[in-house]
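Chemist: Structure provided below as C-alpha cells; questions to follow.
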Amino acid sequence: SKLDYVLVAAIMVVIGLYGVAPGVGAGSFAAMVLFTIRYSLNSPIYQSFSGADFHSTVDRPPAQQRALRQRGAQLHVTRVPSLLFFGTANLLYNSVCKRLDDPHQPPLRHLVLDFERVTEMDSSTEVSFAKIAQQAAAKHFDVLLCGVPAKLRSKLAAVAEADGPVQLVENLDRAVQWCEDRILAEVQDARAPAGFDELLGEFFGDADQVA
C-alpha cells in the first residue's frame with residue numbers, strides 16, 4: 001500500500017539523519033502501530049446469526065422445529081475470524097455487550113463462539129474472554145467455545161470450567177445442539193412424539209389419514 005511505501009521512505013530518512021539503529025527501531029515501532037490499527041479496524045466477527053435461523057443437523061419433529069424458530073433468538077452464534085489479538089478481541093467483547101443490551105432482542109441465554117477459522121491468538125485476548133465469562137456469570141447465560149484448535153486450547157482453558165458458564169465444545173454443530181436441547185427442555189409442548197402415530201399426527205392431524 002501507499003502507506004507502506006511512505007514508511008520505507010521515512011525509515012531511510014531516519015537512517016540518513018540518525019543512523020541505522022534508530023532507523024530500524026523507528027521503523028519497527030511504526031510497523032507495529034500500523035499493524036495494530038489495521039487489524040483493529042477489521043471486524044472481529046466473520047459471521048453472526050441467531051438460533052432462530054441457524055439450526056443443528058439434528059432431525060427434530062415439527063413441534064420442536066416451531067419452538068426453535070420462536071425461541072431461537074435466545075441463542076446467538078458468532079464465527080470468529082482467523083487472527084485474534086487484543087484489538088479484535090476487545091471489539092468482540094463489545095459486540096457481545098451490544099447483543100446483551102439490545103432491547104429488540106430477547107434475553108441472551110446461550111452464546112456460541114466458533115473458533116474453526118482461528119489460526120493465531122495473542123495471549124492478551126484472554127482478558128477479553130475473561131470479561132465475557134464475567135458477563136455470562138452475572139447475566140446468567142452460557143458461553144460455548146467450539147472448534148478451538150489444539151494449540152490454542154491452553155490459552156482458553158483458564159476461562160473454561162466444568163461447572164462454569166464457559167465450556168469448550170468439539171464443533172459448531174455439537175454446540176448448537178447442546179443449546180437447542182436446553183431451549184426445548186423449557187418448552188412443555190415441544191417434547192418428542194411418544195410414537196410413530198403421534199409423529200404422523202403432527203403432520204396430518206386427521207386420525208383417518210394417520211391410520
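Chemist: Subtract the Cα-Cα distance of V210 and M12 from 0.36 nm times their separation in residues, and report this length gain in nm to one decimal.
Modeler: Contour length minus Cα-Cα distance gives 63.0 nm.
Chemist: For a bin width of 10 Å, list the pair-distance distribution of the range 65-180 built from all Cα-Cα distances, rounded to whole %.
Modeler: 14, 49, 31, 6, 0
Chemist: Set the Förster radius R0 to 41 Å, insert the Cβ-Cβ distance between N94 and L200 as r into 1/(1 + (r/R0)^6), and round the FRET efficiency to 0.05.
Modeler: 0.25
Chemist: How long, wide and thick is the chain, going by the Cα atoms along their three principal axes, in whole angstroms, largest first?
Modeler: For the chain, the Cα spread along each principal axis is 94, 35, 35 Å.
Chemist: What FRET efficiency would be calculated for the residue pair A185, D101, taking the C-beta separation as r and a Förster radius of 22 Å, to the nearest 0.05?
Modeler: 0.25
Chemist: Given springs between every Cα pair under 10 Å in a Gaussian network model of the chain, which of L184, L200, L145 has the largest fluctuation?
Modeler: Maximum fluctuation in the GNM of the chain, among the listed residues, is at L200.
Chemist: Extension gain D122-N171, at 0.36 nm per residue separation less the Cα-Cα distance, in nm?
Modeler: Extending this stretch completely gives an extra 15.5 nm.
Chemist: Let me ask another. Set the Förster radius R0 to 35 Å, insert the Cβ-Cβ distance between L3 and Q134 as r into 1/(1 + (r/R0)^6), and round the FRET efficiency to 0.05.
Modeler: 0.40
Chemist: Now for a different question. Compare the Cα positions of A26, G147, V6 along the charge dipole of the range 1-150 (+1 at Cβ of Lys, Arg; -1 at Cβ of Asp, Glu; about the Cα centre) and return the one farthest towards the positive end.
Modeler: Final value for the positive-end residue is G147.
Chemist: Here is a further query. Per residue of the chain, what 222 nm ellipticity follows from adding -39500 (n - 2.57) for every DSSP H run with n ≥ 4, rounded to the nearest 500?
Modeler: For the chain, the value works out to -17000 deg cm²/dmol.
Chemist: Right, another one. Given 4 °C and 1.567 mPa s, how large is the Stokes-Einstein diffusion coefficient of the range 80-140 in µm²/s, with Rh as the Kirkwood radius over Cα pairs?
Modeler: Roughly 105 µm²/s, to the nearest whole number.
Each value in this text was obtained by applying a stated rule to the coordinates, not by laboratory testing. Small disclaimer: the values here were computed from a predicted structure and weren't measured. Neighbour counts are summed over all protein chains in view; Cβ atoms, including those assigned to glycine, are modelled from backbone coordinates with ideal geometry.
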